[in-house]
Structure formats: structure tokens, C-alpha cells
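One structure below.
The values are calculated or read from the model by the stated rules, or taken from the named source; none is laboratory data. Computed from a predicted model, the values in this text were never measured in an experiment. In this analysis, Cβ positions are derived from the backbone assuming ideal geometry, glycine residues included, and neighbour counts consider all displayed protein chains. Ligands, DNA and RNA are stripped out before the accessible areas are found, and what is left, the full protein with its side chains, is counted by its heavy atoms. Shrake-Rupley method; radii C 1.70, N 1.55, O 1.52, S 1.80 Å.
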Amino acid sequence: MAATDRGRTRWGLILPFLAVPVLVLGFLAIGLFMWAGADGRGSGNGDGRAGAAATVPCAEALAFGGAVRPVAAEARDCTVQRGIDTAYAAVLRMPRADVRDWLRATYPDAPEPQTGGGVCGALCLDVTHEDSLPGTARAHVVQVRVEYENAETALVRFSAFTM
């Protein structure tokens, strides 16, 4: 019976000394994985998640797609999302009569905008780097979707992104 007591006594003394390094190494390993998985760049909007939309100046969002804000347009809700690809978006409210002229001036070599129905809205234009994006554009694709709010005003949703 003395041999059994001796064995228990040894383990009773050794286990606390073994448990402490194992716990410390475990916490260090967890911390290392959490640190490695964190995105150090942040997203510009305070939440720090990769791929989260961040607010940017509207001139930056439009320039990424080779565009400038029309004089009579109100630009708002301009964002960027960065991940594997980069995507900028902007919403413009402008006179309905100016939309086609702005599209022609911005993308002179692009195909004519499509009209009506479905996901297109009242008017839509898709331009790729292969078929007519201006040389100043850093995007690979620009998509413009237009909805007519009333007889005078159009809501233009502009997006420019890489692929």
C-alpha cells in the first residue's frame, strides 16, 4: 500500500507543474491564431472587418470607373469594398434629361445604354475594360443603373469594380 501512496504523491506534485506550461502554451497558440487572422488594414469605417464597405469621397468612387460627377448631380452614399477584388459604388441624383449626355461624354466608345424592364430599371449601361472604358479607369467593369424618380429626376446607381 505504501507503493500506491508514493505514486499518487508524485503525480500530485508533478501535475500542477505540467499543467501551467500547457495552459500558457495553449493561450499563446490561440492568441497567435487570432492575431494572424486579424486584418490590420481595417476598412475605414471602424469595424475592422475585411470586405466591409467603407465610406469614401464620391470623386474617388467615380474616378475608379473613369467618370466625374455631372455638374447638376448630387452624389451620395459613395463606398468602397476591398478584398480579393475592389468595388466602388456611388448613388447620384441628377436631372433625368442629363443622364444620356453624361453617359455619352463619360464613355464615348461604349455601346448604347439598354432601356426598360427587369433588373435594368429604366436605363442601364455595362462597360468593360475590353470594350470601351476610358484609359483613366482603374476598374475592369462599370455598371450604371438608372431609375426615373419622376419626370425631372433620375437616380443613378454607379458601380465600378475589378475582377
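Cβ-Cβ distance of M163 and S132, R₀ of 25 Å, FRET efficiency by 1/(1 + (r/R0)^6): the value works out to about 0.95. Distance between the 7 Å Cα→Cβ label points at E147 and I14: 7.2 nm. Of the accessible area of segment 72-147, computed with a 1.4 Å probe over protein heavy atoms only, carbon and sulfur atoms account for 48 percent. On the basis of the beta-carbon distance and an R0 of 41 Å, D77 and L25 show a calculated FRET efficiency of 0.30.
Ordering M94, A54, Q114 by Cα displacement along the dipole of segment 53-125 toward the positive end leaves M94 in first place; charges were set at the Cβ atoms of Lys, Arg (+1) and Asp, Glu (-1).
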